[in-house]
Amino acid sequence: MRIAEARTIVTCPGRNFVTLKLTTEDGTTGLGDATLNGRELSVAAYLSEHVCPMLIGRDAHAIEDTWRYLYNGAYWRRGPVTMTAIAAVDTALWDIKGKVASLPVYQLLGGRCRAGVTVYGHAHGETIDEMLDAVQGYVDRGYRAVRVQCGIPGLPSTYGVGRDALFYEPAEGGRAPREETWSTRRYLRAIPEAIAAARERFGPELELLHDVHHRLTPIEAAQLGRALEPHQLFWLEDPVPGELQASLRTVRRHTTTPIAIGEVLNSIWDCEQLIREQLIDFIRMSVVHSGGITHLRRVLHLAELHRVRSGCHGATDLSPVCLAAALHLDLAIPNFGLQEYMRHTPETDAVFPHAYRFADGLLHPGEVPGLGVELDEAAAERHPYLPALLPVARLTDGTMHDW
Ligand code: EZ4
Ligand code: CO
């Protein structure tokens, strides 16, 4: 079964998404998410200029061989643009294989290991009280796990505290990024109090998470992890930038707070030491930014050997196609941990009609053959691309910092 057509579709139903659509000779279609937040057109061009032409005529069933053709064959390896483009092709081929087999993708991956996929939502507020109200909103909706973020007194804006209760969206329109101010001292003073308040109000059962978003040095992260130990976080996310894998040894030496890292990592080589030395507890890599289902499954198998569990990234900039792919994988892997779930806007859900459903704190990918997501191209056309960028962060003296 040969690939007859390969097209990228860029649309902005509330935020930008890049989607690859493959069509086989017999008219079977497959979708792959190719969205790289704030750098969307680089992946769209990588696909349409370099990858799509070489897919025409290839065997749509040869998923592993196509993966190697695009990774080993390109000579230039790894990196977010390349791995996102490969992910789009890989995801679309799994979608096609599922449709041809008349099976949901999770069945092709070995079948169900659990009843559903436990997800966490994002609660945030400028003040601790607003944050606690937001957590209550998630508890009322049935969530069993909630990420908590709140404003830092003295800072005009804070990562994770956004405009809408359910659709937190850090990217903003414009040609240059918005600039935020960061103070580690103020942050370290404020956050333990906020998390203590959440634990006290919601009791021991609710799983609480917090995202540091790469802002601390290893020894600062160790201090924070230790300060949070009494509050029993499910995980502390990205306490340090993850590219220096050995730096997690310092964090580990000082705290038993579980650590999750990986949303900006792209290949097994970016996390191999983190996993092999058990320097993290959860690996956060996503289908879309990590070479697709084929490669993320390889990462998760390595992680399983070392008792590291999954915690797939699932922010709004990962399209419903990526979320569905993650859910099929989450259902079928032995070492599932938790899935992030930031709801998409109604406009996004209308452009990407999908079979996955939320109930009682779990997401279910559904039983539709393939991934169970379609792309309404007429609706997509009504939302043309709008340039948008993630913010940058500076310290109070103007020094550029990690955002
Ligand atoms: O900032 O996906 O855990 N979630 C996150 C996200 C990221 C965005 C970046 O594109 O850290 O909110
Ligand atoms: Co994060």
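The values are calculated or read from the model by the stated rules, or taken from the named source; none is laboratory data. Being a predicted model, the structure only gives us computed values, none of them experimental. Ideal geometry is used to build each Cβ from the backbone, glycine not excepted, and the neighbour counts take in all protein chains shown. Each accessible area value is taken on the protein alone, full model and side chains, heavy atoms only, with ligands, DNA and RNA left out. Shrake-Rupley method; radii C 1.70, N 1.55, O 1.52, S 1.80 Å.
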Checklist line | Per-peptide average of other Cβ atoms within 10 Å, ordering 241-248, 95-102, 289-296 highest first | finding: 289-296, 95-102, 241-248
Item checked: Difference of contour (0.36 nm per residue) and Cα-Cα distance, Ser157 to Ser183 -> 8.3 nm
Check: Could you give the radius of gyration (one decimal) and Dmax (whole number) of the Cα atoms in region 161-311, in Å?
Finding: 16.2, 45
Next item on the list: Would you work out which of Thr84, Thr294, Thr250 lies farthest towards the positive end of the dipole of the chain? Charges go on Cβ: Lys and Arg +1, Asp and Glu -1.
Entry: Thr250
Next item on the list: Can you tell me which of 114-122, 136-144 comes out highest on packing, and rank the rest after it, using the mean Cβ neighbours within 10 Å?
Entry: 114-122, 136-144
Check: With every protein chain left in place, what is the accessible area per residue of the chain in square angstrom, probe 1.4 Å?
Finding: 39 Å²
Margin query: Compute a Gaussian network model of the chain, connecting alpha carbons closer than 10 Å, and tell me which residue from Glu200, Glu272, Glu263 fluctuates the most.
Written below: Glu200
Note to self: Ignoring everything except DSSP H segments at least 4 long, calculate the 222 nm mean residue ellipticity for the chain; use -39,500 (n - 2.57) per segment, divide by total residues, nearest 500.
What the structure shows: -10500 deg cm²/dmol
Notebook entry, point to check: Under the definition of Cα pairs under 8 Å and six or more residues apart, what whole-number percent is the relative contact order of the chain?
Noted result: 23 percent
Margin query: Considering only protein heavy atoms and a probe of 1.4 Å, how much of the accessible area of the chain is carbon and sulfur, as a whole percent?
Written below: 52 percent
Margin query: Using a Debye calculation, one point per C-alpha and no hydration shell, please list log10 I(q)/I(0) for region 3-103 at q = 0.10, 0.14, 0.23 Å⁻¹ in order.
Written below: -0.24, -0.48, -1.21
Next item on the list: Work out the charge dipole of region 39-118 with +1 on the Cβ of Lys and Arg and -1 on the Cβ of Asp and Glu about the Cα centre, then indicate which of Ala74, Ser48, Leu109 is farthest towards its positive end.
Entry: Leu109
Next item on the list: Find the relative contact order for region 3-103 and round it to a whole percent, using C-alpha pairs within less than 8 Å whose residues are 6+ positions apart.
Entry: 33 percent
Next item on the list: Calculate the radius of gyration of the Cα atoms of region 108-368 to one decimal place, then report Dmax, the largest Cα-Cα distance, as a whole number, both in Å.
Entry: 17.6, 52
